[in-house]
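These notes concern the structure reproduced below.
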Amino acid sequence: MIYPIVAYGDPILRKVAPPIDRSADLDLKKLVGDMFETMYASAGVGLAAPQIGLSVRLFVVDGTALNDEDPKSDDFDPSLVGFRKVFINAEILDEDGKEWAYEEGCLSIPGIRADVYRPKQVLIQYEDLEGNEHTDTFEGMAARIIQHEYDHLEGVLFTDHLPSLKKRLLKNKLAGIAKGDVDVDYKMKFAH
């Protein structure tokens, strides 16, 4: 099932998502499959549960398509090899390394892209789909994708990381998105 993407302006995008209770009546396997399907249909590389209107600590990522296939290419990022994962009840334990800029966008904020500075490395604790706990370190683009999606669990959007002048310049565009003034090739859900 492909879910509509919740648009900027919906209050769910500003809430801190609570942990998933595995004893609750939630078909995680189906939900994760639907989230991957929704992400691919929207041409995304990550999708957090709040972006489909569900306030729980869950996100999926697949950065493999971003990678150049030639390991000798300047655009090859070893962190993206096989980088298709599910993060349940994730908690970032540490972020480290020199911050670097990359132009980010978001399925919930279509048509807006901006340079965001993030640390190069992230240490994250999470559960996989089977309930196994992991504590892993990710670097480079993989770390960035995780940090972006994790922000959604904390009620933070990539635009929150922008300098105040840039935020003011985007104010009218963001208001337009909240009102439904967008042109995208995927389903969206607006708060109004």
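Which of the residues belonging to region 169-190 are part of a loop (DSSP other than H, G, I, E, B) and out of contact with any Ser or Thr (no Cβ under 6 Å at 6 or more places or on another chain)?
Of the residues in region 169-190, the ones part of a loop (DSSP other than H, G, I, E, B) are 180-187, 190.
Listed by number, the residues that qualify are GLY180, ASP181, VAL182, ASP183, VAL184, ASP185, LYS187, PHE190.
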Can you tell me which of (1) closer than 20 Å to GLY180 by Cα; (2) at pLDDT below 95 is the one ILE12 doesn't meet? (2)
Which residue, of GLU127, GLU91, GLU69, GLU95, is modelled with pLDDT of 95 or more, farther than 27 Å from LYS29 by Cβ and not aliphatic (A, V, I, L, M)? GLU95
Output for Cβ contacts, cut-off 6 Å, separation at least six or different chains, first residue over 11 Å from ALA90 (Cα atoms) in region 141-164, second assigned to a loop (DSSP other than H, G, I, E, B) and of a type in the set (Lys, Arg), reads GLY155/LYS15
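Looking at ARG113, ARG168, ARG118, which one is farther than 17 Å from PRO50 by Cα and in contact with a strand residue (DSSP E or B) (Cβ under 6 Å, 6 or more places away or on another chain)?
Numbers: ARG168 fails: in contact with a strand residue (DSSP E or B) (Cβ under 6 Å, 6 or more places away or on another chain); ARG118 fails: in contact with a strand residue (DSSP E or B) (Cβ under 6 Å, 6 or more places away or on another chain).
Result of the check over ARG113, ARG168, ARG118: ARG113.
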Filter region 152-192 for residues that are more than 23 Å from ILE2 (Cβ to Cβ) and acidic (Asp, Glu); which is surrounded by the most Cβ atoms within 10 Å (Cβ to Cβ)? GLU154
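Considering each of PHE138, PHE158 in turn, give the residue that is in contact with a helix residue (DSSP H, G or I) (Cβ under 9 Å, 6 or more places away or on another chain), aromatic (Phe, Trp, Tyr) and closer than 19 Å to SER42 by Cα.
Details: PHE138 fails: closer than 19 Å to SER42 by Cα.
None of the others qualify; the one that does is PHE158.
Taking the condition surrounded by 12 or more Cβ atoms within 10 Å (Cβ to Cβ), assigned to a loop (DSSP other than H, G, I, E, B) and not basic (Lys, Arg), does LEU129 pass?
In short, yes.
Scan region 134-146 for residues that are assigned to a helix (DSSP H, G or I) and either more than 13 Å from the chain's Cα centre (by Cα) or surrounded by fewer than 13 Cβ atoms within 10 Å (Cβ to Cβ) (or both) and jot them down.
Going through region 134-146, the residues assigned to a helix (DSSP H, G or I) turn out to be 140-146.
Matches in region 134-146: GLY140 only.
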Tell me which residues, restricted to region 147-168, are under 16 Å from GLY105 (Cβ atoms) and in a helix (DSSP H, G or I). GLN147, HIS148, GLU149, ASP151, HIS152, PHE158, THR159, ASP160, HIS161, LYS166, LYS167
Of all residues in region 40-74, which are over 11 Å from the mean Cα position of the chain (by Cα), within 14 Å of PRO18 (Cα to Cα) and of a type in the set (Gly, Ala, Ser)? GLY53, SER55
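Scan region 123-142 for residues that are out of contact with any Ser or Thr (no Cβ under 7 Å at 6 or more places or on another chain) and of a type outside the set (Phe, Trp, Tyr) and jot them down. Quick ask: steps written out before the conclusion?
At the first step, the residues of region 123-142 found to be out of contact with any Ser or Thr (no Cβ under 7 Å at 6 or more places or on another chain) are 124, 126-137.
Selection gives ILE124, GLU127, ASP128, LEU129, GLU130, GLY131, ASN132, GLU133, HIS134, THR135, ASP136, THR137.
Take HIS192 and tell me if it is out of contact with any Pro (no Cβ under 6 Å at 6 or more places or on another chain) and modelled with pLDDT under 95. Give the steps one after another, and end with the answer.
On the way: out of contact with any Pro (no Cβ under 6 Å at 6 or more places or on another chain): yes; modelled with pLDDT under 95: yes.
Against the criterion (out of contact with any Pro (no Cβ under 6 Å at 6 or more places or on another chain) and modelled with pLDDT under 95), HIS192 qualifies.
Within region 96-107, can one find any residue that is of a type in the set (Phe, Trp, Tyr) and closer than 18 Å to PRO50 by Cα?
Of the residues in region 96-107, the ones of a type in the set (Phe, Trp, Tyr) are 100, 102.
In the following step, the residues that additionally are closer than 18 Å to PRO50 by Cα were identified as none.
Scanning region 96-107, I find no residue that is of a type in the set (Phe, Trp, Tyr) and closer than 18 Å to PRO50 by Cα, so the answer is no.
The values are calculated or read from the model by the stated rules, or taken from the named source; none is laboratory data. No experiment lies behind these values; they were computed from the predicted model shown. FYI the Cβ positions are ideal-geometry reconstructions off the backbone, even for glycines, and counts take in every protein chain you see.
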